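Read through the structure below, which is laid out as structure tokens, and then see the notes.
Values quoted throughout were computed directly from the atomic coordinates according to the rules given, and no laboratory measurement underlies them. Only a predicted model underlies this, so the values are computations on that prediction, with no experimental measurement involved. No Cβ is skipped: glycine too gets one built from the backbone with ideal geometry, and neighbour counts run over all protein chains shown.
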């Protein structure tokens, strides 16, 4: 199909677009997208998919556009569930936490968005919390107190 080069014409249920759209949902949750979140998104997607330059720009643009048109997470989480196995879905939760922590903090709104996405994708509370703790360590925030009461696995 013409225009497929460089990822310019992704399919509507392309799991990569769903992943990027979910990333934008997390980044936008607290009302602002920081430069550090945008840079972290680019780095993570480049590593995950082995793309850069125009192909990466096109993927990010497609994911952002899809995310801005969405009324809920279901469209994207159903695409992800169709295309990714359990281990890959857990990896996506890890990626979402890395983005949530990219600006050096974690907001309750971001926490809630990741929790809802994890639930819709069938990722357990235990795996979600373990991935959050690992992302917190990767971000160098393991000593800051952002533990939420009643969150399984924090005790």
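So if I take the centroid of the Cα atoms in segment 59-91 and the same for segment 105-132, what is the distance between those two points in Å?
Segment 59-91 and segment 105-132 have Cα centres spaced 15 Å from each other.
Between residue 137 and residue 88, what is 0.36 nm times their sequence separation minus the Cα-Cα distance? Round to one decimal in nm.
Numbers: separation 49, 0.36 × 49 = 17.64 nm, distance 2.03 nm.
Roughly 15.6 nm would be gained on extension.
Segment 12-138: percent of C-alpha pairs farther apart than 23 Å? Show your work: numbers first, answer last.
On the way: 1703 of 8001 pairs.
When all Cα pairs of segment 12-138 are counted, 21 percent exceed 23 Å.
Once you have a ≥ b ≥ c as the square roots of the Cα gyration tensor eigenvalues for segment 61-132, tell me rounded if a/c is under 1.5, and otherwise prolate or oblate according to whether a/b is larger than b/c.
Working: a/c = 1.67, a/b = 1.10, b/c = 1.52.
Note, shape of segment 61-132 comes out oblate.
Work out the FRET efficiency for residue 109 and residue 52 from their Cβ-Cβ distance, taking R0 = 41 Å, and round it to the nearest 0.05.
On the way: r = 30 Å, r/R0 = 0.74.
Efficiency at R0 = 41 Å is approximately 0.85.
Take 24, 76 and order them by how many other Cβ atoms sit within 10 Å, fewest up front.
Numbers: 24 22, 76 27.
Sorted ascending by nearby Cβ count, the order is 24, 76.
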